[in-house]
1. With a ≥ b ≥ c taken as the square roots of the eigenvalues of the C-alpha gyration tensor of the stretch 59-162, please select rounded if a/c is under 1.5 and otherwise prolate if a/b is larger than b/c or oblate if it is not?
2. If you take the Cα atoms of the stretch 64-116, find Rg, then find the Kirkwood Rh from the mean of 1/r over all pairs, what is Rg/Rh?
3. Considering only Cα-Cα distances, which of the following residue pairs are longer than 32 Å: 134/233; 251/491; 74/134; 468/747; 394/822; 283/448?
4. What figure, in Å² to the nearest 10, do you get for the accessible area of residue 744 with a 1.4 Å probe and non-protein molecules left out?
5. Can you work out the base-10 log of I(q)/I(0) for the stretch 411-526 at q = 0.16 1/Å, using the Debye formula on its C-alpha atoms alone?
6. Once you have the Cα-Cα distance between residue 673 and residue 34, take 0.36 nm times their residue separation minus that, and quote the gain in nm to one decimal.
7. Among 494, 504, 452, whose Cα lies farthest out toward the positive end of the dipole of the stretch 447-595, if unit charges sit on the beta carbon of Lys, Arg (+1) and Asp, Glu (-1)?
8. Taking R0 as 22 Å, what's the FRET efficiency between residue 583 and residue 501 from their Cβ-Cβ distance, rounded to 0.05?
Amino acid sequence: MAGNYVVPAPRLLSHSNYLQHDHSLDPWVSKIQAMFDSWKKSNHLSSLLFQFFESSQNPYYSALYLMAFSPDLKLAKPTTLAFIAIEEFSRWLNVSHGRPDPQLLNPHLKRFAFVHVTSQKNLALIKLVFKLYKLIDNKDDFVPDIKDMLRKKMYKEASQVVMLLELQDNFAVEDFLVPLVFQDVIGIVEDYMDATPNVRTALIGYLDGIVVSDNPSNDRTTIIHNLDIPDVKYEKLHYKPLSKFMVRLMKKYNLPSTCCPNLTNKKSRGALQFIITRKYRDKSIGNESWREMILETVGNDKELHIELIQSLCTVDDLKEAMHWAQYFSIPFEELPDYLKRSIDEKNGKLLDGSDESNQNVEEEDWEKDTLVSTQHYELPLSSDNIVMIDTLEKLEQLSEFGLSDDLTTVGLDAEWKPAFSHNPSVLSLLQIATKDRVFLIDILSIDKSSSVWHRFGSALFANQNILKLGFSFESDIHMLKENIKVFENLKMTGLGFLDLASLWNTLTKDWSINLPYAVPTSSTKNAASLSHLVHLCCGYPLDKADQFSNWEKRPLRDSQKKYAASDAYCLLLVYDTLKECSLRQKIPFDDVCDELMTKVTVKKTVNKKKTKHHVEKQMPPKPNSEPVGVGWMYAMCVSHLEGLGKKLRMLGIDTDIIPPGQIYEESLHLARSENRIVLASGSLFNRFFNDLPPTFCYKVNDRVSTEDQVTEVLEYYNIAVKETDIFSRCMVCNCNEFARVESHTMKEMIVEATRQATAQPHYEAVTSPEPPRFHVDDLCSSYDVDYEEEEEEDDFQPGPPVHKMHHYQPKPGEIVQLGSCKTTKGADIQLAEIPVGVLDKVSLFNICENCGKCYWDGSHLSRVLQSSNHRFIANIV
């Protein structure tokens, strides 16, 4: 039996590179193969392999022999016997108490290991054999084998072996990196460069010699012929794809431009011609921006100085050519002949007195911009409403006060200096537009590693209650994440982020929306631009004179600030116009926006030619013939019906509000698991209606007021609201557990909170000279409660009356710890929301245990019961 047979020592033939057939191992090999055929990878096979290794006088030889003579070695899969044998051998070495003698790993056996494992393609198996057989200790012995692989054009395999054996110093870039680039096997090239820093500049320099050349075709052909490279991807060797590859590598490895002078020079020349085209053909760049970008582009390169002057002569702007000739101190003899003659003529006129110009002509003319004379959109805000945020203190104040709870929509934009070289662009400015001001956040002036950025991101980007508007702002979001590391893992898509470019495209193609102003496509250079959309919505295009400017230069010019503010603020106007036009043309604007943010397709009811009517989902009969209490209903409102959800909570109904951005499947699972009735409209209602039992999805009429929506829900489900139900739930978090705290305890906590706050550094507020104070109007309006100035109790926050604290009444010492100002569930008590004077009028406060919201007994209960504006009063018994 094979189990009782001791494997003899191997007979290795030094003159052969391959293991020879060993008949003494046939019993073991046959038994192992039979076990594998029956059980594949299993504990039975592992046990048998362990016995095989234990019985061998040289387990290294036995394992290698089993791999080499496995019929499935060439298949290169982890499920093959060849792979499993080496994998189990590795395990056996790790658990074996009597490890084999390292002397058994002689050079002959290592060569056999190298030859056999490199005959297949599985890199994981190659790595494992190289490690187990310690081939790196004899790595120089395998250099001839690698060169043989190169002669066989096995560039990929050779590069992988070189990396595993750390033999990079033995090979040049022409040996396999250049052939791999020509074959477009870029992944292997980058793997090699990742592991070999000193080869990076060598490869870039080699490619720089062929990417820009007087006769690039011949250069490439010569290299292909000399290196005898097969399977060349010629389409990847043109300037554009090859230069893009080089730029990507230089950015990835942060290589200096000096390692590719040819490519750098060509890109600078291209950038120069691009700027000249923008100014003299398109007339879309302002004079100040023009000179900023010229200086950035040509730098100290004398050849580019001459080329600039020659180009300006070509476009017949001799005055500007002379300006730069003087600025760069170009010798007269090096100037273009045309410019020389012009200078001679000018000097001659000066000598005979016929030139009536003066020295200020250039400056006077320069102030008159050469842009196309077109009326542009004007920012409807004064410069005082453009606020620079250029310190951490101001950013912190903006996060705390500028992005207030009543802020619902902002326009977002970002600016950075155009980059023509491989150097990455640096985010310079972030614009946030509200209805009454625009904040310009100076990214370059603020420490990007500060934790203040995290609080700012949470207040704006993570706040799904604020709708962020942008225009094709994928690049803006990318730049934010690239430049401010705390934003790397912040979600900046989904609900709360609306791309107006996509919205415009959808409303135009799918719904044939008509916008206020007709602008022929031929009258604009880019019919898909934000400027064109603003023209359609507001009557005038944007002034883009400062778009292409040096946004890294400080201080920013006033015109730059105005441009940056306009670009963000116009998004608010465009959004309002699109919404107004959609509603007027009976386009389901909210559904379309939800579709774009959630990727849920809206079922069209209108197309370009005619109206299509789809069958409306009909609600089943009312489920309750007799009135039921609020405890019968567990509701769930979709995010855009948040107002309805808070009204239901006010009446004591357990209501979950789906947070913006939550995927549909999660909401559906929650509704099913908690038996909640989903209140929705539009396309979301259709989805829930198809996936939930009858009456567990209610279609809300979103064209009526919130009060009417509440009335319709209560009437359909026949819910009777008792007086004791009103304000029995927290309207913020839906919790119905409250702690009772007497006013003297609240005063002590406020004193403690004030002490902790004053211990922190005091920062000047960004938006006003002092922090905002809560006003009774704001408090009442946030709950849709009518405000009457003569009622003294209007200073009170609506909250659960004292008689409704029916869940528990903890002792005063169990409620809070004065030092922490937290509830028993760890929530911060929201002391700052208590208006001045309330502590002297109210003896008992009710604090939500879950979120820390403070309530007290006021006039709001009677106001709800007496208000004629609340139609749902009929359901209150």
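1. Numbers: a/c = 2.15, a/b = 1.32, b/c = 1.62.
Note, shape of the stretch 59-162 comes out oblate.
2. Details: Rg = 12.2 Å, Rh = 12.2 Å.
Radius of gyration relative to Kirkwood radius: 1.00.
3. Beyond 32 Å: 134/233; 468/747; 283/448.
4. Approximately 100 Å² of residue 744 is accessible to the 1.4 Å probe.
5. Cα-only, vacuum Debye calculation for the stretch 411-526: -0.88.
6. Length difference between fully extended and current span is 224.9 nm.
7. It is 452.
8. E(calc), rounded to 0.05, equals 0.60.
The values are calculated or read from the model by the stated rules, or taken from the named source; none is laboratory data. Note that the structure is predicted; figures quoted are calculated from it, not measured. Using ideal geometry, Cβ is built from the backbone for each residue, glycine included, and neighbour counts are taken over all protein chains shown. In case anyone asks, the SASA skips ligands and DNA or RNA and just uses the protein heavy atoms, side chains included. Shrake-Rupley method; radii C 1.70, N 1.55, O 1.52, S 1.80 Å.
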